[in-house]
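Chemist: Structure incoming, see below.
Read-outs throughout are calculated quantities, based only on the coordinates presented, and are distinct from any laboratory measurement. In this text, all values refer to a predicted model and were calculated from it rather than measured experimentally. Here the Cβ positions follow ideal geometry from the backbone for every residue, glycine too, while neighbour counts run over all protein chains shown.
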Amino acid sequence: MTEDIAPAAAAGYFDLDYYRRAHAMVRRWRTLTLIPDALTPSPEDRAACERLLNAEARLIDSGQLEQWLALYTHDCAYWLPTDVEGADPAKVVSWEFNDRRRLEERVERLATGKAFSQMPVTRTTHLYTNFEMMSTAPDEMEVLCNFLIQTNLAGRASARAGWNGFLLRRTQAGWRIVLKRVGLFDADLPQDNNSFTL
């Protein structure tokens, strides 16, 4: 099922079929009980994927966004919905649903130091925990984890919590992120300045 999630984004946009497949994946995640033994990844793959996601968080926190983006595939998606139930992204507006091109633009804009919403830059600490991993297709991994993001913007501290769903792919360069789905605990409420990288 997951092997079909990425190619629709390769053309530089998301069509309705891509939204349908992404929605189906999230529905599976939201109804998941115990991960079957048959889907349990090898210890080596699990360790490699956990290292990747820990690096993803560390690079955000250190402001190394170009290196952060290098952890994503050319056909990646970054999805931040406005709901907490896992609604269909083709029918419900998202805070963000970005392809690789939009992520590149975002990284370039933030690198100028002139992005008004990030003056001053938001300081963050990302904590990922409760990793659950499923080897759902050859050279693919689905990962669920909880997160807490502590932020400081111009001396004002706040926190965001929720869960992440990742689709990872093994490439010649190692494991890379195909999809990051950010499930904010309070996504259905008015949001503060979320223009930093979640």
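Chemist: What angle do you read, to the nearest 10 degrees and between 0 and 90, between the alpha-carbon axis of helix 16-30 and the longest principal axis of the chain?
Modeler: With rounding to tens, the tilt is 80 degrees.
Chemist: Related question: So if each residue of separation counts as 0.36 nm, and I subtract the Cα-Cα distance between residue 51 and residue 159, what length gain in nm does that give? Could the numbers behind the result be given before it?
Modeler: Working: separation 108, 0.36 × 108 = 38.88 nm, distance 2.37 nm.
Taking residue 51 through residue 159 to full extension adds about 36.5 nm, to one decimal.
Chemist: What nm value, rounded to one decimal, do you get for the distance between residue 31 and residue 93 when each label is placed 7 Å out toward the C-beta?
Modeler: Here the answer is 2.9 nm between the modelled labels.
Chemist: Oh, and also: Can you figure out the FRET efficiency of residue 102 with residue 131, using R₀ = 30 Å and their beta-carbon distance, to the nearest 0.05?
Modeler: 0.65
Chemist: With charges only on Cβ, +1 for K and R and -1 for D and E, what is the dipole size of segment 63-128 about its Cα centre, in debye, rounded to 20?
Modeler: The dipole of segment 63-128 has a size of about 300 debye.
Chemist: Further, regarding this structure: Find how much the distance from residue 70 to residue 185 grows on full extension, using 0.36 nm per residue of separation minus their present alpha carbon separation; answer in nm with one decimal.
Modeler: Between residue 70 and residue 185, full extension yields an extra 38.7 nm.
Chemist: Another question about this same structure. If exposed trypsin sites (Lys or Arg not before Pro) are those in a DSSP loop with at most 13 other Cβ within 10 Å, what is the longest stretch of the chain that has none?
Modeler: 1-90
Chemist: Next question. Can you work out the Karplus-derived ³J(HN,Hα) for every residue in segment 92-101? Use 6.51 cos²θ - 1.76 cosθ + 1.60 with θ = phi - 60°, whole Hz, and x for glycine or proline.
Modeler: Each residue of segment 92-101 in turn: 10, 5, 9, 4, 8, 9, 10, 8, 4, 4 Hz.
Chemist: Further question: Based on the Cβ-Cβ distance from residue 16 to residue 83, what FRET efficiency comes out when R0 is 22 Å, to the nearest 0.05?
Modeler: Result of the calculation: an efficiency of 0.75.
Chemist: Once the principal axes of the Cα atoms of the chain are found, what is the range along each, listed largest first in whole angstroms?
Modeler: 48, 37, 32
Chemist: Output the 0 to 90 degree angle, nearest 10, between the alpha-carbon long axis of helix 43-61 and the longest principal axis computed from the alpha carbons of the chain.
Modeler: 10 degrees
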